[in-house]
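Structure record follows, encoded as structure tokens.
The values are calculated or read from the model by the stated rules, or taken from the named source; none is laboratory data. Since the model is a prediction, treat every value here as computed from it, not as a measurement. Note: ideal-geometry Cβ built from the backbone for every residue, glycine included; neighbour counts use all protein chains shown.
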Amino acid sequence: MVTDRIAYSSKIILYIIAGAFPLLVLPLPLGTDIGREIALVTLTVITGILWLIGILGHGEVRYPVSPILWVAGILAVVWGASTALGHAPLVSFFFADAAAERLMTLLTGLTLMAVTAGILKNRAEETYTSAGTLLFILIFGGAAAAILSLYTFLIGPIGFLPVQPFFNVIGTVNGLAIFYGALLMMTAGLLLSPAVEKWKTWVRVVATAAAVIFLANLLLIHFRAAWILVVGVSVCLFGLLLIEISKQRNTGIPRAFNWRQWTALGMVLFAIAMIMSPGPIFKTLALPPEVSPSLSATFSTARAIFREGPLRVFFGSGPATFGLDWARYKDPAINQTIFWGVRFNQGQSWVSTAMPTAGILGFVALVGFLAVALFIFLRMILRVPLPKLSEGARHDTNGTMSPGYPAMQHQAMPAPEQPLVMGAFLGLLALILAAFLYPANTSLLLLLFFLAGTLVSLLAIPVPPVRSISEASAGDNEEAREVTAIPDLVSSRETKSDLPAGAASGEGHRTSMSGFWDIRERRLRFETPGMIFASSLAIIFCMALGIAALYGETGRIRAVYAVHRSVTAFGEGKIDDAIRYLEQAVPHEPRNFHTLQLLVQLRTEKVRSLIARAAGGENVQQDFQSAVSLAIQDAQRLIALQPTEPILWRIQGALYEAVIPFIQGSERFAAAAYQRTAELEPLNPAAYVDWGRAGLVFTDRIATLAENAAGKDREDLEKARKENLEQITAIFQRAIQVKQDYAPAHFLLAQTAIRLGNRDPKRGKCKSGGAL
């Protein structure tokens, strides 16, 4: 059927997403991060649309229900409210520099979680097969990426990849260590599960090799947070493996560790040793440093935000606005370090950053989601008997043979003995710990939700279908050829005759647990006209949202390529072509202030080039007027889009500063723009220097007018010039108060003193400023 093919297509795209996490390198002109972000969002939306089409075609939906979904909904609502009530809603939703902090990324992750769980549960008999395929694609793909990482670390850049040092698809090198740490623990969970002994030997060998490769990358990078992550997850793994020993309590067999428990304990001790190691393991490997604010600095910024009022206490300044908060409220002591000019767009970690940006409610919602998910998964793993995994040759839906893999045979089996559950849970636990230890990363965040959706589908308590007598008799024949379809990973040692009585009828699925904290499978059929109509409207509405998202991503790609062409043209000295390309990019994303920011900067450069041509005697009056007019229009639009961004006010101030000698009144707009920059970024000495420098330009213009004036007019101009110079002196002194060793402020203060005629005392200042 067409609907079956659509459902199968949605599953194939899930497999592609699993491979995209470690392997997708889409080097769009402005960076691989943008390419990965666009690709992952697009694939998620397409998967969701296909899933909805399948639901519409079948007339029913099977989905797992648990408190995780409700808490996820609360998280989306609270962060959505924080976005709407924040300082910069558009930045929080779409256009923030920290892409992982955007509300759009969070919604994409939640959608990916729901879609993954729904697709894997669409055919309950294939859940374990499909989930196993996802996890092994992720692990083996991660191993391939880890081999490439080792090559770049030890040998050098790879020819077909971007040539920057230590290139990786995750982003930063430390983020790569977190990613490999999560994959290492996922692989360890698979290999240390008791049921893995029945797997094919080559699968165990390849998985072991993958774990070794992940560990080698961790040793080379030697990121302490990654080792802390390994310690925490290894302790949990050790505890889960102790369950196997506790089962021997009533068998009379002496309780003793086996190689699994010793391996988990060895991982704990080894990771602790790495944490205690004072420096890098391989000192010849000069990895790029990564700096982020401390936890105390992050919470200090949160306290400053909370002082703005009750609204900020509960909802914060808005997701992904930490950079704006840092610019306004950072510790003055930072200016005495080499990081004085760095604007951190993220705090110490994803969770801690939520405190200033999403407020107390957003912080509680995020921590609550992670805690509830961890609690429910661990509870289900420890208490719920899951369908046992059998092995041997299996059949696909058409009755043809496909290589065997552990597939459900409806026999109760403790969850800790299930390799897929163990692997997915440990990988998820690693990423949850990373949320408290490391700033948000798009790949890590989406992988967290991806694994959460996979675990929901694996742990959901199934509901046996209600069958008629004829269907039951037909089903007895079908039991002999249940569906699986992934590579031959397990040797055939067990047959249907080994199953206990009642297993074939599905009684093994039954469980006495039906509490609020369970993950329960539900089937909803659209049978009545009212349900069909309502479900059709809801599904079509969701599909329309998905199509709109795809259209937006298409426009974004076109804008990215236009910006790239503009940057290339500017590098070649073709400023008019660069401006034209940016004019083409703006309509694709009319509310993206980043593109408009580049356009205003190019128009300002165009104005300066015309001024230089006029100084050479060329008549460019009409071109100058047109260029200034267009630049001012775009600058005003830019400020209207994002009035809380100090960089944009600084760009507008630079435009007006360039035309102060030629356009009367422009000095007021330049001063106002720079003053607003200083208000939004009060601890940035460069903002005061720009402000004072514009004043000096205007003062020089007054001096020129005074030279050509006479009598009282000249006296008034001289008086105005001195008053301006005194105000400028105060501005430069404010810059020095912010950062005492800021050389441009000392130099320009000395120049201001010279213009005031106070030469001798300030000549030394000019000297010291030059030395600084």
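The residue pairs whose first member lies in the range 130-155 and is of a type in the set (S, T, N, Q), whose second member is at pLDDT below 90, and whose beta carbons are closer than 7 Å, counting only pairs six or more residues apart or on different chains, are S130/K11; S130/L120; T133/I486; S149/N168; T152/I158; T152/F166; T152/F167. Taking the range 340-386 as the range and being touching a strand residue (DSSP E or B) at 6+ places or on another chain (Cβ under 9 Å) and not in a helix (DSSP H, G or I) as the test, the residues that pass are V384, P385, L386.
Residue pairs whose Cβ atoms lie under 6 Å apart, sitting 6 or more positions apart in sequence or on different chains, and linking a residue in the range 652-663 that is assigned to a helix (DSSP H, G or I) to a partner that is of a type in the set (K, R), are A658/R608. With respect to the conditions (1) over 30 Å from M380 (Cβ atoms); (2) free of Cβ contacts under 8 Å to residues at least 12 places away in the same chain, D97 lacks only one, and its number is (2).
Only a single item in (1) in a helix (DSSP H, G or I); (2) hydrophobic (A, V, I, L, M, F, W, C); (3) surrounded by 12 or more Cβ atoms within 10 Å (Cβ to Cβ) is not met by L524, and it is number (1). Scanning the range 1-21 for residues that are modelled with pLDDT under 85 and closer than 14 Å to G118 by Cβ gives I6, A7. Residue under question is A333, and the condition is that it be in the same structural domain as G175 (by TED's automatic domain parsing), assigned to a helix (DSSP H, G or I) and closer than 24 Å to F94 by Cβ; does it hold? It is false that A333 is in the same structural domain as G175 (by TED's automatic domain parsing), assigned to a helix (DSSP H, G or I) and closer than 24 Å to F94 by Cβ. Remark: pairs (first residue in the range 375-391, of a type in the set (F, W, Y); second residue at pLDDT below 85; Cβ separation under 8 Å; 6+ apart in sequence or on different chains) = F375/W517. The set of residues from the range 511-533 being farther than 18 Å from R62 by Cβ and without any contact (Cβ under 8 Å) to a residue 40 or more places away in the chain comprises S512, G515, T528, P529, G530, F533.
Applying the condition of being buried (at least 17 other Cβ atoms within 10 Å of the Cβ) and without any contact (Cβ under 8 Å) to a residue 40 or more places away in the chain to the range 585-602 and asking which residue is nearest to Q642 (Cα to Cα) yields T595. Pairs meeting the criteria (first residue in the range 280-301 and more than 30 Å from R312 (Cβ to Cβ) and touching a residue at least 60 places away in the same chain (Cβ under 8 Å), second residue charged (D, E, K, R) and exposed (fewer than 11 other Cβ atoms within 10 Å of the Cβ), beta carbons under 7 Å, at least 6 apart or on different chains) are lacking. Checked against (1) in a helix (DSSP H, G or I); (2) within 23 Å of the chain's Cα centre (by Cα), S300 passes all but condition (2). Take L150 and decide whether it is within 29 Å of L215 (Cα to Cα), in a helix (DSSP H, G or I) and at pLDDT below 90. Yes; evaluated as a whole, the condition is true for this residue. Only one of these is within 21 Å of F314 (Cβ to Cβ), among the aliphatic types (A, V, I, L, M) and in a helix (DSSP H, G or I): L107, L56, L43, L52. Name it. Sole residue among the options that is within 21 Å of F314 (Cβ to Cβ), among the aliphatic types (A, V, I, L, M) and in a helix (DSSP H, G or I): L107.
Residues are listed down the side, and each one gets a yes or a no for (1) over 21 Å from P419 (Cα atoms); (2) out of contact with any helix residue (DSSP H, G or I) (no Cβ under 6 Å at 6 or more places or on another chain); (3) hydrophobic (A, V, I, L, M, F, W, C):
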{"site": "V61", "(1), (2), (3)": "yes, no, yes"}
{"site": "F95", "(1), (2), (3)": "yes, yes, yes"}
{"site": "A98", "(1), (2), (3)": "yes, yes, yes"}
{"site": "E101", "(1), (2), (3)": "yes, yes, no"}
{"site": "L138", "(1), (2), (3)": "no, no, yes"}
{"site": "G141", "(1), (2), (3)": "no, no, no"}
{"site": "A145", "(1), (2), (3)": "yes, no, yes"}
{"site": "Y151", "(1), (2), (3)": "yes, yes, no"}
{"site": "I155", "(1), (2), (3)": "yes, yes, yes"}
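For the range 39-92, filtering for residues that are under 17 Å from the mean Cα position of the chain (by Cα), within 30 Å of P643 (Cα to Cα) and surrounded by 20 or more Cβ atoms within 10 Å (Cβ to Cβ) leaves 6. Once the range 283-294 is narrowed to residues that are loosely packed, with under 13 Cβ neighbours inside 10 Å and either in contact with a Phe, Trp or Tyr (Cβ under 8 Å, 6 or more places away or on another chain) or among the hydrophobic types (A, V, I, L, M, F, W, C) (or both), the residue that is farthest from N217 (Cα to Cα) is V291.
Can you find a residue in the range 623-644 that is assigned to a loop (DSSP other than H, G, I, E, B), touching a Lys or Arg at 6+ places or on another chain (Cβ under 8 Å) and over 30 Å from G552 (Cβ atoms)? No: zero hits.
Residues in the range 681-691 that are in a helix (DSSP H, G or I) and buried (at least 21 other Cβ atoms within 10 Å of the Cβ): P685, A687, Y688, V689, D690, W691.
So, T129, is that one among the hydroxyl-bearing types (S, T, Y), within 30 Å of A216 (Cβ to Cβ) and modelled with pLDDT under 90 or not? No.
Yes/no per residue for (1) modelled with pLDDT of 85 or more; (2) in contact with a helix residue (DSSP H, G or I) (Cβ under 8 Å, 6 or more places away or on another chain); (3) not in a helix (DSSP H, G or I):
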{"site": "Y180", "(1), (2), (3)": "yes, yes, no"}
{"site": "W202", "(1), (2), (3)": "yes, no, no"}
{"site": "T208", "(1), (2), (3)": "yes, yes, no"}
{"site": "N217", "(1), (2), (3)": "yes, yes, no"}
{"site": "C236", "(1), (2), (3)": "yes, yes, no"}
{"site": "L240", "(1), (2), (3)": "yes, yes, no"}
{"site": "A256", "(1), (2), (3)": "no, yes, yes"}
{"site": "G266", "(1), (2), (3)": "yes, no, no"}
